[in-house]
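Asks: Just passing along the structure, written as structure tokens.
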Amino acid sequence: MMYEFKVADLAEEFGVHRNTIRNWINSGTLPAQEGPGKRYAMKISDYVTLCDKFGIIPKVGLDMAGQIEELQTINTAINGQPVIQLGEKYNTLFDDATWGDVCLTCGTCASACPIAGVNGLDPRKVVRMAVFGLEEELVESSWPWKCTMCGKCEEACPMNVEIVKLMRRLRSKRPRHLVPGPIHKGVSMCLERGNNLGIPKDDFAFLLADLGEELAQESCPGFKTPQAVRGTRLLVTVNSKEPFAEPDDMKWWWKIFYAANESWTISADNWEGVNWGLFSGDDEAMKTIVGRIVDNLQRLHCEALLLPE
Ligand code: SF4
Ligand code: SF4
């Protein structure tokens, strides 16, 4: 048994844009065949499955002779799980399953997003899909990773929908081995060796001392890099990219400290200032890395933290 529909009608029924339906058809997500008069047809079982995915009770076909039995069979199959209305749908992305129901679909977030359109990213679409429970599709998509988490969408949203939190939660749900780029490797390295690039402690200490000597000769007489000095005003963290690839960049900061007669130090351990747990959505790792910096602050009795990143 087939269910015939027009793209516009199905879009309205599921609360999505017509292009979304067309994309689903083109990508095979919605297995439908094109017929005459711009009409499409899909199996009634596929229609009911789609309704189930969106938390919508099938509203057509019930009065069609011959189809009732099939629908009842399918409904029995899906009735193993509670039939739930949109808005009451179980949502693992937020504690409150109805968090996104306030979304007006106004698109203001998309207008504010600096990368809207990149790989099809549209924060409004992400919110709608999350509301409809399409979590798997979102987690597999590249959108949470294209998002810079700048928060402009959220700032612009008239309904205060927490879009950045949503993006982070989506990232956290990606299996770690499928996290794109080097982000997760950096997190693991930082947990293991105290910095994202695994720079050995002795090499780092040698580099700091060497750069300090250079600076003293170049422009800051008497300068010595303050490594793990207790009781300074500032504890300064470092982006491991600098000692790894651009060590001279650190000297610009040090020159300012020297000119300002600042009291500061760099810890010999766990000095990494870039917490990639934030970007990979790994809350536990993020907490551990932050905790280590707090430990350094307390151990060295510093008054304030400087995160140049
Ligand atoms: S700006 Fe807010 S209310 Fe408007 S579409 Fe985006 S999330 Fe929804
Ligand atoms: S937080 Fe992400 S989705 Fe929102 S405006 Fe920034 S890049 Fe776009």
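The values are calculated or read from the model by the stated rules, or taken from the named source; none is laboratory data. Bear in mind that the values here come from a model prediction, so they are computed numbers and not experimental data. Glycine also receives a Cβ, built like all others from the backbone with ideal geometry; neighbour counts cover every protein chain displayed.
Asks: Where residues in the range 183-230 are within 16 Å of ALA245 (Cα to Cα) and not in a helix (DSSP H, G or I), which of them is farthest from the chain's Cα centre (by Cα)?
Replies: Ranking the candidates gives PRO200 first.
Asks: Restricting attention to the range 146-166, which residues are touching a residue at least 40 places away in the same chain (Cβ under 8 Å), among the β-branched types (Val, Ile, Thr) and near ligand 2 (Cβ under 8 Å from one of its atoms)?
Replies: Of everything in the range 146-166, just one residue is touching a residue at least 40 places away in the same chain (Cβ under 8 Å), among the β-branched types (Val, Ile, Thr) and near ligand 2 (Cβ under 8 Å from one of its atoms), namely ILE163.
Asks: Here's a follow-up. Only residues that are among the aliphatic types (A, V, I, L, M), under 21 Å from GLY281 (Cα atoms) and either more than 12 Å from ligand 2 (Cβ to nearest atom) or more than 16 Å from the chain's Cα centre (by Cα) (or both): list them for the range 93-140, please.
Replies: LEU93, ALA97, MET129, ALA130, VAL131, LEU134, LEU138, VAL139
Asks: Continuing with this model, one more query. Quick check on the range 117-164: of everything there that is farther than 19 Å from TRP99 by Cβ and hydrophobic (A, V, I, L, M, F, W, C), which residue is nearest to ligand 1 (Cβ to nearest atom)?
Replies: LEU121
Asks: From the list GLU262, GLU272, GLU242, pick out the single residue that is charged (D, E, K, R), buried (at least 16 other Cβ atoms within 10 Å of the Cβ) and touching a Cys at 6+ places or on another chain (Cβ under 6 Å).
Replies: GLU272
Asks: Out of LYS173, LYS165, LYS152, LYS185, which single residue is modelled with pLDDT of 95 or more and among the basic types (Lys, Arg)?
Replies: Sole residue among the options that is modelled with pLDDT of 95 or more and among the basic types (Lys, Arg): LYS152.
Quick grid of which residues meet (1) within 20 Å of PRO200 (Cα to Cα); (2) in contact with a Ser or Thr (Cβ under 9 Å, 6 or more places away or on another chain); (3) among the β-branched types (Val, Ile, Thr); (4) not in a helix (DSSP H, G or I):
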residue: ASP249; (1), (2), (3), (4): yes, no, no, no
residue: ASP269; (1), (2), (3), (4): yes, no, no, yes
residue: GLU284; (1), (2), (3), (4): no, no, no, no
residue: ILE293; (1), (2), (3), (4): yes, yes, yes, no
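Asks: With respect to MET167, is the statement that it is within 16 Å of ligand 1 (Cβ to nearest atom), in a loop (DSSP other than H, G, I, E, B) and either β-branched (Val, Ile, Thr) or not assigned by TED's automatic domain parsing to the domain that holds GLY277 (or both) true?
Replies: no
Asks: Confirm whether GLU162 is among the charged types (D, E, K, R), within 15 Å of the chain's Cα centre (by Cα), loosely packed, with under 15 Cβ neighbours inside 10 Å and not assigned by TED's automatic domain parsing to the domain that holds CYS51.
Replies: no
Asks: Would you confirm whether or not the range 117-128 contains a residue that is at pLDDT 90 or above and under 28 Å from VAL238 (Cβ atoms)?
Replies: Within the range 117-128 (the criterion being at pLDDT 90 or above and under 28 Å from VAL238 (Cβ atoms)), the answer is no, since none of the residues qualifies.
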